[in-house]
Amino acid sequence: MSGRVIVVGSVNVDLVIRGERLPTHGETVAGGAFERHHGGKGGNQAVASARLGRPVLFVGAVGDDPFGIEARSALQAEGVDVSGLVTLEGTATGVALILVDRRGENLISVASGANAALEPATIAPALGRIGLHAGDVLLVCNELPTATVREALRVAHEAGALTLFNPAPAVGLDRTVFGAADVITPNRGELRDLLAEESRRTGRPAASDDPEVGARSLLSTGPEGQGVGQAVVVTLGSSGALLVTRDGPTIAVPAIKVEAVDTTGAGDAFNGALAVGLAEGRSLEASIRRAVAAGALATMKVGAREGMPTGAELEAALSG
Ligand code: ADP
């Protein structure tokens, strides 16, 4: 049976200045070039899924400002159903201010705005209107309040949907959150952060730096409760991804070799494609193979959303 992808996540507008060098404290550096991009992990993941041709519904929040109107239309233009995207009065849309120098080094400051104001109480009614059922896949990232993420995972699980949690950024998370997900998708740094935070809280040493050992410890029951339901998928950049399940053998999926020009958005492309594969009824391993290809294709263009592959591009990369 095939289902839909429901993304619960963040929406940002990215304001970028590319210049010769980054300013220091109190300094003004003139002469840069300005760009504006639509971003936020949630929005990017929804676009990644929609380009692959699955029905995608988005649940999130923007503010009642011009950026909110633009962010909504940008998602709509990609075919994402935005009926679950609320506009919060008197709140600003999430904005990221990004300065990039000629070597690609950056300084980023984020005002989460409406994303930080998305309350847990909005989740059950929004998912209720969507009417989740078995076969649907819910994908949620951590650029929302933790209580809201937890509620999304709980409601979707109860409705029988498969739940995918991208623990990015991996801050403020414990087993009451990631233990409620069927599948989690940390990158190597996020996996380390999840383990370090648990170790700090429990006073027990963190599992080894080996991603397989670390992932396995998040699957088993720990001092703070049950682990991830089915699988931990660790993304390893140009080394591909690792699938670690409760019962099966660990499977290393190699990356596709590409000329990477900008790795921003690779993780979002991976998560969006993984959700689509699972919603199409494919196995975890088969879905990860497609996600690895989508992540690689996303690195071949500058920008996050701009680089998300279409279904045809993904099929070509998989057969090539
Ligand atoms: P994030 O963007 O969240 O840090 P990763 O860097 O691990 O996540 O990238 C996600 C996926 O994108 C990887 O698992 C891999 O499949 C693909 N990918 C990322 N960078 C490259 C690269 N340089 N070459 C090929 N594939 C890549």
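Determine the gain in length on full extension of the stretch Glu35-Leu318; use 0.36 nm per residue of separation and subtract their C-alpha separation, reporting nm with one decimal. List each step's numbers first, then the result.
Details: separation 283, 0.36 × 283 = 101.88 nm, distance 3.25 nm.
Gain in length upon complete extension: 98.6 nm.
Apply the Karplus parameterisation 6.51 cos²θ - 1.76 cosθ + 1.60, with θ equal to phi minus 60°, to every residue of the range 177-185 and state each ³J(HN,Hα) to the nearest whole Hz, in sequence, with x for glycine and proline.
Each residue's phi maps through the Karplus curve to give 9, 6, x, 8, 9, 6, 9, 10, 10 Hz.
Based on the Cβ-Cβ distance from Ala196 to Asp64, what FRET efficiency comes out when R0 is 41 Å, to the nearest 0.05? Mind dumping the intermediate values first?
Numbers: r = 39 Å, r/R0 = 0.95.
With R0 = 41 Å, the Cβ-Cβ based efficiency is 0.60.
Out of the total accessible area of the chain (probe 1.4 Å, heavy atoms of protein only), what percent is carbon and sulfur?
On the way: 7430 of 13840 Å².
Carbon and sulfur: 54 percent of the exposed surface of the chain.
Want the number for Glu27 to Val261: 0.36 nm per residue separation, take away the alpha-carbon distance, what's left?
81.3 nm
Report for the range 68-169 the percent antiparallel among DSSP-assigned beta bridges with both residues inside it, nearest 5. Let's see the in-between values first.
Values: 6 of 11 bridges.
About 55 percent, rounded to the nearest 5.
Go ahead and run the numbers for FRET between Asp247 and Gln76, Cβ-Cβ distance against an R0 of 35 Å, rounding to 0.05.
Details: r = 42 Å, r/R0 = 1.19.
Result of the calculation: an efficiency of 0.25.
Considering only the range 111-256, what is the antiparallel percent among its DSSP beta bridges, to the nearest 5?
On the way: 9 of 19 bridges.
If we restrict to bridges inside the range 111-256, about 45 percent are antiparallel.
Taking the Cα-to-Cβ direction at Ser239 and at Glu20 and moving 7 Å from each Cα, how far apart do the two end points lie in nm?
It is 4.0 nm.
Counting only heavy atoms of the protein chains, get the accessible area per residue of the range 180-239 (1.4 Å probe) and round it to a whole Å² value.
Values: 2760 Å² over 60 residues.
That works out to 46 Å² per residue.
Using a 7 Å offset from the Cα along the Cα-to-Cβ direction at both Ile108 and Ala134, what is the distance between the two label points in nm, to one decimal?
About 3.9 nm separates the two model spin labels.
Just check the range 88-136 against the gyration tensor rule for me: Cα atoms, a ≥ b ≥ c as the square roots of the eigenvalues, rounded for a/c under 1.5, and otherwise prolate or oblate depending on whether a/b exceeds b/c. Walk me through the numbers before you get to the answer.
Values: a/c = 5.04, a/b = 2.01, b/c = 2.50.
Judged from the Cα gyration tensor, the range 88-136 comes out oblate (a/c at least 1.5, b/c at or above a/b).
For the chain, with a Gaussian network of springs between Cα atoms less than 10 Å apart, report the residue from Leu242, Leu99, Leu278 with the top mean-square fluctuation.
Highest fluctuation of the listed residues: Leu99.
Using the Cα gyration tensor of the range 1-146, with a ≥ b ≥ c the square roots of its eigenvalues, what is the shape: rounded (a/c below 1.5), prolate (a/b larger than b/c) or oblate (neither)?
prolate
What do you get for GluC sites (Glu not before Pro) in the range 141-249 restricted to DSSP loop and a cutoff of at most 14 other Cβ within 10 Å of the site's Cβ? Intermediate results must be reported in sequence, preceding the final value.
Values: sites: Glu143, Glu151, Glu158, Glu190, Glu197, Glu198, Glu212, Glu224; in loops: Glu143, Glu224.
Within the range 141-249, the qualifying GluC sites (Glu not before Pro) (loop, at most 14 other Cβ atoms within 10 Å) are Glu224.
How much area per residue is accessible in the range 270-317 when the probe is 1.4 Å and only protein heavy atoms are counted (Å²)? Walk me through the numbers on the way to the answer.
Details: 1510 Å² over 48 residues.
Accessible surface, normalised per residue, equals 31 Å².
When the Cα centres of the range 238-294 and the range 1-54 are compared, how far apart do they sit, in Å?
The distance from the Cα centre of the range 238-294 to that of the range 1-54 comes to 21 Å.
Kindly provide the helix-only [θ] at 222 nm of the chain, computed as the sum of -39,500 (n - 2.57) over DSSP H runs of four or more divided by all residues, to the nearest 500 deg cm²/dmol? Walk me through the intermediate numbers first.
Details: 10 runs with 110 residues, N = 320.
Estimated from H runs of four or more residues: -10500 deg cm²/dmol.
What is the sum of charges, Lys and Arg at +1 and Asp and Glu at -1, for the other residues whose Cβ falls under 12 Å from the Cβ of Gly214? Kindly include the intermediate steps, with their values, before the conclusion.
On the way: positive: Arg188, Arg192, Arg216; negative: Glu190, Asp193, Glu198, Asp209, Asp210, Glu212.
Its environment carries a net charge of -3.
Out of the DSSP beta bridges found with both residues in the chain, what percent are antiparallel (nearest 5)?
Working: 22 of 53 bridges.
Of the beta bridges lying entirely in the chain, close to 40 percent run antiparallel.
If you roll a 1.4 Å probe over the heavy atoms of the protein chains, what accessible area per residue do you get for the range 27-121, in Å²?
Working: 4550 Å² over 95 residues.
That works out to 48 Å² per residue.
Would you mind getting me the FRET efficiency between Ala147 and Arg188? Use the beta-carbon distance for r and R0 = 25 Å, nearest 0.05. Show your work: numbers first, answer last.
Numbers: r = 27 Å, r/R0 = 1.08.
After rounding, the FRET efficiency stands at 0.40.
Please say if the chain is rounded, prolate or oblate, where rounded means a/c under 1.5 for a ≥ b ≥ c the square roots of the C-alpha gyration tensor eigenvalues, and otherwise the choice is prolate for a/b larger than b/c and oblate otherwise? Before the final figure, lay out each step's value.
Details: a/c = 1.29, a/b = 1.22, b/c = 1.06.
Note, shape of the chain comes out rounded.
The values are calculated or read from the model by the stated rules, or taken from the named source; none is laboratory data. On a predicted model such as this, the values are computed, not experimentally measured, just so you know. Don't worry about glycine lacking a Cβ; one is built from the backbone with ideal geometry, like all the others, and counts go over all protein chains shown. Heads up: the accessible areas ignore ligands, DNA and RNA and are worked out on the full protein's heavy atoms, side chains in. Shrake-Rupley method; radii C 1.70, N 1.55, O 1.52, S 1.80 Å.
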